[in-house]
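Visitor: Provided herewith is a single structure, encoded as structure tokens, for subsequent inquiry.
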Amino acid sequence: MRWGSDAASSNVAASPDPEYISPLRLRVDLGNAFSAGLYRLAVMSQPSDGATDLGQSLSTGLLDGVTCSPPPTAGNGVAKTEIIHCSVRWRTQGGDRRHTDYRIRMYGDGCFDASAQPSLPPHIDPTIEVTQNIR
């Protein structure tokens with residue numbers, strides 16, 4: 001059977017309702033991505049002479065927690081995009097409390113994307129000398 005043939009596409013059942021990522025999975029995934037971003041920021045913030053040793057231990061900020069507005073509910077059977085807001089609480093390397101707010105787009109296929117409000121300015125990564133955006 002060929003890809004894209006009528007017989008093949010008729011075997012795929014359409015989901016009756018959107019399947020959004022669970023609230024717990026969203027908080028875990030967002031927290032993990034934020035922690036990874038703190039590490040990338042620490043790498044890009046070090047002096048260029050120390051950036052050549054990528055295996056070294058770096059001091060980063062610390063994630064305190066993630067909270068989100070109520071998730072969307074399954075509705076009319078149409079996969080659509082839902083917008084919710086999440087807040088990530090964290091501490092800087094010096095122990096100062098901070099928070100970053102995110103606008104989350106949740107898709108009916110279980111995926112999501114997040115954009116910080118406001119986003120951080122671009123940083124120059126000294127390991128590869130390229131400007132990168134931290135999200």
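Visitor: Using the Karplus curve 6.51 cos²θ - 1.76 cosθ + 1.60 with θ = phi - 60°, what ³J(HN,Hα) values do you get for each residue of segment 100-117, in whole Hz, with x for Gly and Pro?
Guide: Coupling constants for segment 100-117: 10, 9, 10, 9, 9, 9, 9, 9, x, 9, x, 9, 8, 9, 10, 10, 6, 10 Hz.
Visitor: Order Val88, Val28, most accessible first, counting only protein heavy atoms with a 1.4 angstrom probe.
Guide: Of Val88, Val28, the descending order of accessible area is Val28, Val88.
The values are calculated or read from the model by the stated rules, or taken from the named source; none is laboratory data. The structure presented is a predicted model; accordingly, all values stated were derived computationally and were not measured. These accessible areas exclude ligands, DNA and RNA; they are computed on the full protein's heavy atoms, side chains included. Shrake-Rupley method; radii C 1.70, N 1.55, O 1.52, S 1.80 Å.
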